[in-house]
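A short write-up of the structure that comes next.
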Amino acid sequence: MIIKNLKTNRMTTPIGFDFGKPRLSWIAECDGAKKQEAAQIQVALDSKFSHIVFDTGISNEIDSIGLN
């Protein structure tokens, strides 16, 4: 699965904004007929994700525009 067009509150680069509880959206692409059933978003200060600063947890309540 390839994730494209990541956005936060409809913005592609929301640097410097404090949204409180952000609204996240994306487009998931894959070969064959598949359906995304759950999602988890994590934001970290480093590429190894040893300093996670935001975590939605796993959610099955997603819609076509992402995770609320």
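Worth pointing out:
- Restricting attention to the stretch 23-34, the residues that are assigned to a loop (DSSP other than H, G, I, E, B) and within 16 Å of ILE58 (Cα to Cα) add up to 1.
- Filtering the stretch 46-60 to residues that are modelled with pLDDT under 90 and either touching a helix residue (DSSP H, G or I) at 6+ places or on another chain (Cβ under 8 Å) or polar (S, T, N, Q) (or both) leaves THR56, SER59, ASN60.
- Residues located in the stretch 3-22, provided they are under 14 Å from VAL53 (Cβ atoms) and of a type in the set (S, T, N, Q): THR8
- Total residues in the stretch 4-25, condition under 16 Å from GLN42 (Cβ atoms) and either at pLDDT below 85 or in contact with a helix residue (DSSP H, G or I) (Cβ under 8 Å, 6 or more places away or on another chain) (or both): 3
The values are calculated or read from the model by the stated rules, or taken from the named source; none is laboratory data. This is a predicted model, so every value here is computed, not measured. When we count neighbours, we look across all protein chains shown, and the Cβ atoms used for this are built from the backbone with ideal geometry, even at glycine.
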